[in-house]
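Nothing in this text is a laboratory measurement; each read-out follows from the coordinates by a stated rule. Only a predicted model underlies this, so the values are computations on that prediction, with no experimental measurement involved. When we count neighbours, we look across all protein chains shown, and the Cβ atoms used for this are built from the backbone with ideal geometry, even at glycine.
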Amino acid sequence: MQVIILPTPKDVALYAANRVEDVMKRNSHPVLGLSTGSTPIALYNELVSRHKAGWLSFKHTTTFNLDEYIGITESHKQSYRFFMNKHLFHLVDIDEANTHLPLAASLEPDILHQDASSYDLSISSSGGIDLQILGIGENGHIGFNEPTSSFSSRTRIKTLSKSTIAANKRFFKEGEFQPHLAITMGIGTILESKVILLMATGKAKASAVKEMIEGPLSSMCPASVLQQHEKAIIVLDEEAASSLA
Ligand code: F6R
């Protein structure tokens, strides 16, 4: 695990954009793993600017997102498909057919199992993820792999923890239905990525960041598993790094 501390969230986004650009330029058919949430928005803005400036084309890029809510449709403003369309896919020259988010068409166990395992199969058939972008939850989650998730888990349904539901409440209107289930890449799936880049900014992440980097390897802090990945890069701003020893 390599830890890089930069002064501001803007520096974190620029560092991440440089890594993404590097992977996209080195591979004729790059495969990116993407995440949603507040943290990567500045990264996506930067990638869109580089595309508009003519430096970066997504024509041959394939993407796999980490997760998606269950219980709201893709056209819902809080769905992760909507988020990705808004912040990246609709603003660059990517072929929509090459953008993937996990979907649970039904909660019926057989169908669900099929949907989840076909997601992992699509990732491996694409050649695997060259660079996976991650954020971290205040409780140490990666994707929606909440505390106690197995380190060898595959794509599957997870019930969101109370703290994740509370942290994401800000995105939903007063009284609006907020999903408490999601389908997420498993930790085992994430660990198969060739390179992992986790971005964390802001004071609210300081304690989870400390647990991830200095804490024991523990399913109570799912992100701590990155200590075991050969090519995991953790990019922090000074606030997110403020509790490190
Ligand atoms: C989103 C995801 C989550 C977020 C995490 C941090 O696709 O998988 O694990 O990365 O909850 O979210 P923000 O960036 O909003 O603090």
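Within region 49-67, take every residue that is out of contact with any Asp or Glu (no Cβ under 9 Å at 6 or more places or on another chain) and buried (at least 18 other Cβ atoms within 10 Å of the Cβ) and give me the one that is farthest from Ala17 (Cα to Cα).
Asp67
Would you point out which residue out of Thr39, Thr63, Thr73 is within 23 Å of Thr155 (Cβ to Cβ) and more than 16 Å from the ligand (Cβ to nearest atom)?
Thr73
Determine, yes or no, whether Ile183 is more than 9 Å from the ligand (Cβ to nearest atom), touching a His at 6+ places or on another chain (Cβ under 8 Å) and either under 21 Å from Thr62 (Cα atoms) or assigned to a helix (DSSP H, G or I) (or both).
When the stated conditions are applied, Ile183 does not pass them.
Has region 196-211 got any residue that is buried (at least 17 other Cβ atoms within 10 Å of the Cβ) and away from the ligand (no atom under 14 Å from the Cβ)?
yes
May I ask you to list the residues in region 121-146 that are away from the ligand (no atom under 16 Å from the Cβ) and surrounded by 13 or more Cβ atoms within 10 Å (Cβ to Cβ)?
Residues satisfying the conditions are Ser122, Ser126, Gly127, Gly128, Asp130.
Give the residue, chosen from Glu239, Glu230, Glu176, Glu192, that is over 16 Å from the mean Cα position of the chain (by Cα) and surrounded by 15 or more Cβ atoms within 10 Å (Cβ to Cβ).
Selected residue: Glu239, the only one of Glu239, Glu230, Glu176, Glu192 that is over 16 Å from the mean Cα position of the chain (by Cα) and surrounded by 15 or more Cβ atoms within 10 Å (Cβ to Cβ).
Return the total of residues in region 72-84 being assigned to a loop (DSSP other than H, G, I, E, B) and either of a type in the set (Val, Ile, Thr) or farther than 19 Å from Gly137 by Cβ (or both).
Total meeting the criteria: 6.
Given the residues Ser242, Ser207, which is the only one that is of a type in the set (Gly, Ala, Ser) and part of a helix (DSSP H, G or I)?
That would be Ser207, the only listed residue that is of a type in the set (Gly, Ala, Ser) and part of a helix (DSSP H, G or I).
Among the residues of region 33-47, which ones are surrounded by fewer than 24 Cβ atoms within 10 Å (Cβ to Cβ), of a type outside the set (S, T, N, Q), in contact (Cβ under 8 Å) with a residue 40 or more places away in the chain and not in a loop (DSSP other than H, G, I, E, B)?
Ile41 - this is the single residue of region 33-47 that is surrounded by fewer than 24 Cβ atoms within 10 Å (Cβ to Cβ), of a type outside the set (S, T, N, Q), in contact (Cβ under 8 Å) with a residue 40 or more places away in the chain and not in a loop (DSSP other than H, G, I, E, B).
Considering (1) touching a strand residue (DSSP E or B) at 6+ places or on another chain (Cβ under 7 Å); (2) closer than 21 Å to Gly143 by Cα, say which one Ala17 fails and leave the rest.
Just one mismatch for Ala17, condition (1).
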